[in-house]
Amino acid sequence: MELPYSEPYKTKMVEPIRKSTRAEREQWIKEARYNVFNLKSHQVYIDLLTDSGTGAMSQEQWAALMTGDESYAGASSYYNLKEAIKDITGFEYFLPTHQGRAAENVLFSTILKEGDIVPGNAHFDTTKGHIEFRKATAVDCTIDEAYDTTLQHPFKGNVDLSKLEKVLKEHPAEKIPMIIVTITCNTSGGQPVSKENIKQVSAMAKKYNVRLIFDSARFAENAYFIKTRETGYEDKDIREIVREMFSYADGMTMSSKKDAIVNMGGFIGFRDEELFKKATVYNIMFEGFITYGGMSGRDMNALAQGLYDGTEFDYLESRIGQVARLGQQLAEFGIPVQQPFGGHAIFVDAKKFLPNVPKEEYIGQTLAVELYIEAGIRGAEIGTLMADRDPVTRENRYPQLELLRLAIPRRVYTDNHMKVVAVALKNIYDRRSSINKGLEIVSEAPIMRHFTVELKRKG
Ligand SMILES: Cc1ncc(COP(=O)(O)O)c(C=O)c1O
């Protein structure tokens, strides 16, 4: 008999979590104005709000913290991180930042100006926010298959080359400071981009003389999918694939809170020394001196180690396997989820799940609230709230997909927790025909409103 699967680690420290009553949760979510970001963590039983900064560090990472060098300039931790980045990604130059959006802020301040166009595959919300804040435009060139949650396609994060070429032909190269490819593509459901697609996008970028930048938060998960789904890569080592992927990019922004399994941190990788030097000015202004850029020495040390932890095949197999087991259970219950399952999260198709809630009443958010009340589980809406209003017309933008994202923190929850999540969703699915009303907005910020929006139940 074949031995069953088990995790490639054991637990050394535990953090208690507490169940609550339905009555408590109804009160708490009302007090939180039906925005799960406003819940206090003790009010949450299983927290799938994000996989960002919520992972459990390894003993090697904790040990690395203890030898952090807190010198303002020239810290050994900075050089440790520089070595690790060079080794894992191949980028010669780098700037540390306090997290991913800070990396975007620094890079975009250096190269992006009003009226510019930035094509890519379903830009992440902070990326789009930083583009639109500068009065530039993000153009989504993701393949159409990504928007059909039932369709089986191994690389739903891929860029549609004809959509991309159309943008590159319509605008002069001076107006396109970069193409951004997000690996894996969070917004389209944690879906990977194939090596072949990366290669083709890179060739097109070169043809039109435009930079190619990777938004790399989940680069290791992307490499795992290349290894397990793309012909010719099955026998390659994850780190070999990672190096090959990055060899096609001119630069990268990184939220280290994901695949580098640290609780805070980010960086920008550059191939071009000139660009690195220009960006340094903004890094010093916004983040801190070149050799710490918003991070403490101990955190840079933990991040250097995390880049190695996160690119171990056994770890990735366990992590992505757990996400897939949750997805499989949901699919067996008949619950509509994005297929194939993403790397860091399961995305529930909220429009199909709650067909009686009108789109004007925030279907994804309505499902997030229902799941919280059902079992104290916190997920995140990736739908109309997150899509914000059109910057010109101020009308709601209704994205093709209205999703509830269940992001799984790395090395944190067991499969038993995942079973609770699956059954909680099944209970809601069984009574879905009685859910006819959603939510309405009471107050909202002009940009990235989903973080702070206040809602009430539709009367
Ligand atoms: C694809 C992607 N890019 C950028 C970011 C922003 O990173 P951070 O949260 O570290 O600012 C995120 C965060 O979730 C992300 O998923």
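Within segment 146-193, the only residue that satisfies the criterion of being within 20 Å of Phe124 (Cβ to Cβ), part of a helix (DSSP H, G or I), at pLDDT 95 or above and out of contact with any strand residue (DSSP E or B) (no Cβ under 6 Å at 6 or more places or on another chain) is Lys163. Candidates are the residues of segment 284-317 that are of a type in the set (Phe, Trp, Tyr) and assigned to a loop (DSSP other than H, G, I, E, B); the one that is nearest to the chain's Cα centre (by Cα) is Tyr292. Answer yes or no: is there a residue in segment 187-195 that is in contact with a helix residue (DSSP H, G or I) (Cβ under 7 Å, 6 or more places away or on another chain) and more than 16 Å from the ligand (Cβ to nearest atom). The answer is yes, given that some residue of segment 187-195 is in contact with a helix residue (DSSP H, G or I) (Cβ under 7 Å, 6 or more places away or on another chain) and more than 16 Å from the ligand (Cβ to nearest atom).
Candidates are the residues of segment 141-175 that are surrounded by 14 or more Cβ atoms within 10 Å (Cβ to Cβ) and polar (S, T, N, Q); the one that is nearest to Glu230 (Cα to Cα) is Asn158. Going by what's in this entry, would Glu174 be described as over 19 Å from Ile320 (Cα atoms), away from the ligand (no atom under 14 Å from the Cβ) and free of Cβ contacts under 8 Å to residues at least 24 places away in the same chain? Yes, satisfied. Just one of the listed residues (Ser256, Ser247) is within 16 Å of the ligand (Cβ to nearest atom) and of a type in the set (Ser, Thr, Tyr), and it is Ser256. Counting only residues that are in a loop (DSSP other than H, G, I, E, B), more than 16 Å from the ligand (Cβ to nearest atom) and under 21 Å from Ile183 (Cα atoms), segment 77-122 holds 3 of them. Filter segment 30-56 for residues that are away from the ligand (no atom under 16 Å from the Cβ), in contact with a helix residue (DSSP H, G or I) (Cβ under 9 Å, 6 or more places away or on another chain) and within 25 Å of Arg218 (Cα to Cα) and give the result. Answer for segment 30-56, where residues must be away from the ligand (no atom under 16 Å from the Cβ), in contact with a helix residue (DSSP H, G or I) (Cβ under 9 Å, 6 or more places away or on another chain) and within 25 Å of Arg218 (Cα to Cα): just Ile46. Within segment 87-131, the residues that satisfy the criterion of being charged (D, E, K, R) and more than 23 Å from Leu385 (Cα to Cα) are Asp87, Glu92, Lys113, Glu114, Asp116. Cβ separations smaller than 8 Å between residues 6+ apart or across chains give the following pairs from segment 88-104 residues that are closer than 13 Å to Asp215 by Cα and of a type in the set (A, V, I, L, M, F, W, C) to residues that are within 15 Å of the ligand (Cβ to nearest atom) and in a helix (DSSP H, G or I): Ala102/Phe286. Might you check whether a residue that is among the basic types (Lys, Arg) and in a helix (DSSP H, G or I) occurs anywhere in segment 8-20? For segment 8-20, residues among the basic types (Lys, Arg) and in a helix (DSSP H, G or I): absent. Looking at (1) surrounded by 22 or more Cβ atoms within 10 Å (Cβ to Cβ); (2) touching a helix residue (DSSP H, G or I) at 6+ places or on another chain (Cβ under 6 Å), which is the one condition that is false for Gln329? Of (1) surrounded by 22 or more Cβ atoms within 10 Å (Cβ to Cβ); (2) touching a helix residue (DSSP H, G or I) at 6+ places or on another chain (Cβ under 6 Å), only one is false for Gln329: (1). Within segment 249-270, track down each residue that is assigned to a strand (DSSP E or B) and touching a Ser or Thr at 6+ places or on another chain (Cβ under 8 Å). Once the filter is applied, which keeps residues that are assigned to a strand (DSSP E or B) and touching a Ser or Thr at 6+ places or on another chain (Cβ under 8 Å), segment 249-270 yields Met252, Thr253, Met254, Ser255, Gly266, Phe267, Ile268, Gly269.
Within segment 24-64, the set of residues being assigned to a helix (DSSP H, G or I), buried (at least 18 other Cβ atoms within 10 Å of the Cβ) and out of contact with any Phe, Trp or Tyr (no Cβ under 8 Å at 6 or more places or on another chain) comprises Trp28, Gln61, Ala64. Just one of the listed residues (Pro399, Pro355, Pro391, Pro409) is in a loop (DSSP other than H, G, I, E, B), in contact (Cβ under 8 Å) with a residue 12 or more places away in the chain and under 30 Å from Tyr9 (Cα atoms), namely Pro409. When we screen Asp309, Asp237, Asp250 for residues that are surrounded by fewer than 16 Cβ atoms within 10 Å (Cβ to Cβ), closer than 29 Å to Glu196 by Cβ and not polar (S, T, N, Q), the only hit is Asp237. Evaluated against (1) among the small types (Gly, Ala, Ser); (2) more than 16 Å from the ligand (Cβ to nearest atom); (3) in a helix (DSSP H, G or I), Ala73 falls short on exactly one condition, (3).
Annotation note: of Lys227, Lys206, Lys169, the sole residue that is within 27 Å of Gly55 (Cβ to Cβ) and away from the ligand (no atom under 16 Å from the Cβ) is Lys227.
The values are calculated or read from the model by the stated rules, or taken from the named source; none is laboratory data. Note that the structure is predicted; figures quoted are calculated from it, not measured. So basically every Cβ, Gly included, is an ideal-geometry build from the backbone, and we count neighbours across all protein chains shown.
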